[in-house]
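Notes for the one structure printed next.
The values are calculated or read from the model by the stated rules, or taken from the named source; none is laboratory data. Nothing here was measured: the structure is a model prediction, and the numbers come from that model. We place every Cβ from the backbone using ideal geometry, glycine too, and count neighbours over all the protein chains shown. Note: accessible area is taken over every heavy atom of the protein model, side chains too, but ligands, DNA and RNA are not part of it. Shrake-Rupley method; radii C 1.70, N 1.55, O 1.52, S 1.80 Å.
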Amino acid sequence: MRRLLCIALLLLSSLSTVAQEAAGAAQDDAAASYPPIALVTENYPPFNMLARNGQITGISTDIVRALMERNQIQNELSLLPWNRAYNQAQTEVNTGVYSTTRTEERESLFKWVSPLTENKWVFLAMSDSDIKISSLEEAKQYRIGAYRGDATALFLADQGFELDLVRRDELNARKLARGRIDLWATGHLLGPYLAKKEGVGALKEVLTFKRTVMGIAFHPDTPSSLIDLLNSSLKEMYRDGSIDQITAKYR
């Protein structure tokens, strides 16, 4: 009886191994069926940025790399000016741009893998500022700096704001410090990071005016099966704690 039980256990073990190998082979075949993916991003720390060693890094970048590695998808990462990166994902198949804020206006323009991370849009002021506001309407009386082409700026423009736009968001830190703008509309993590880099400190959040989700926005002709595969893996990364581990490195 024991001998039969041992034989049965060995058979079950063998079948399990075969099944795992078959699943792995199927995954390899699926990955091999996809063309190389171009992944483009901008300098938007701490989500995506260029490290001193020349490597693209950041919270979202690390998540994207892990996603591609888990599914053995060939890919190439590039850091570009935002408008160029965004336009490339709109015009070139098998291209994805991140970290892209998922807005109603953009929803139908792309296929989405999200959420990579969440982001708060805030108004920042110098710490000694006496500005106090509780709504967007109250903010319209102030000079507000924003980043040209960014979702934050587009949102505020749609709300009727007249903005002082710059081509690089870090320029707003200098303008705020010099009194050329009253408030800086930016991300809750991005703003302080850029300000520190520019030698501008002692900022404070005056108002959080929107909470957003950021993801990878893929060209609409990207295979839906690839999008489904990556979204499934992203959910698993949230379940197994991988996302929390990546995010903790940048706190």
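Looking for something in contact with a helix residue (DSSP H, G or I) (Cβ under 6 Å, 6 or more places away or on another chain), over 21 Å from THR101 (Cβ atoms) and open to solvent by less than 10 Å² (accessible area, probe 1.4 Å) - is there at least one such residue anywhere in region 169-188?
Yes, because at least one residue in region 169-188 is in contact with a helix residue (DSSP H, G or I) (Cβ under 6 Å, 6 or more places away or on another chain), over 21 Å from THR101 (Cβ atoms) and open to solvent by less than 10 Å² (accessible area, probe 1.4 Å).
Hey, could you check region 219-251 for residues that are of a type in the set (Gly, Ala, Ser) and modelled with pLDDT of 95 or more and say which is nearest to PHE47 (Cα to Cα)?
Out of the qualifying residues, it is SER242.
Which condition does ARG239 not pass, out of (1) open to solvent by 20 Å² or more (accessible area, probe 1.4 Å); (2) within 21 Å of ASP169 (Cα to Cα), if it passes all the others?
(2)
Looking at region 84-104, which of its residues are closer than 19 Å to THR152 by Cβ, assigned to a loop (DSSP other than H, G, I, E, B) and in contact (Cβ under 8 Å) with a residue 12 or more places away in the chain?
ARG102, THR103
Quick one: VAL200 ticks every box in (1) farther than 18 Å from PRO45 by Cβ; (2) without any contact (Cβ under 8 Å) to a residue 40 or more places away in the chain; (3) not charged (D, E, K, R) except a single one, so which number is it?
Single failed check for VAL200: (1).
Name the residues in region 95-120 that are over 18 Å from TYR44 (Cα atoms) and open to solvent by 30 Å² or more (accessible area, probe 1.4 Å), would you?
GLU104, GLU105, GLU107, SER108, LEU109, LYS111
Could you tell me how many of the residues in region 211-251 are under 18 Å from LYS111 (Cβ atoms), within 18 Å of the chain's Cα centre (by Cα) and among the small types (Gly, Ala, Ser)?
4
Checking the conditions here, which among ALA157, ALA153 is free of Cβ contacts under 8 Å to residues at least 60 places away in the same chain, surrounded by fewer than 19 Cβ atoms within 10 Å (Cβ to Cβ) and not hydroxyl-bearing (Ser, Thr, Tyr)?
Of the residues listed, the single one that is free of Cβ contacts under 8 Å to residues at least 60 places away in the same chain, surrounded by fewer than 19 Cβ atoms within 10 Å (Cβ to Cβ) and not hydroxyl-bearing (Ser, Thr, Tyr) is ALA157.
Just give me the residues in region 66-83 being open to solvent by 80 Å² or more (accessible area, probe 1.4 Å) and either part of a strand (DSSP E or B) or more than 26 Å from ARG167 (Cβ to Cβ) (or both), in sequence order.
Of everything in region 66-83, those that are open to solvent by 80 Å² or more (accessible area, probe 1.4 Å) and either part of a strand (DSSP E or B) or more than 26 Å from ARG167 (Cβ to Cβ) (or both) turn out to be GLU69, ARG70, GLN72, GLN74, GLU76.
From the set of residues in region 230-243 that are touching a helix residue (DSSP H, G or I) at 6+ places or on another chain (Cβ under 7 Å) and of a type outside the set (Val, Ile, Thr), which is farthest from SER114 (Cα to Cα)?
SER242
Only residues that are surrounded by 13 or more Cβ atoms within 10 Å (Cβ to Cβ) and outside any loop (DSSP other than H, G, I, E, B): list them for region 216-231, please.
ILE216, ALA217, PHE218, LEU226, ILE227, LEU229, LEU230, ASN231
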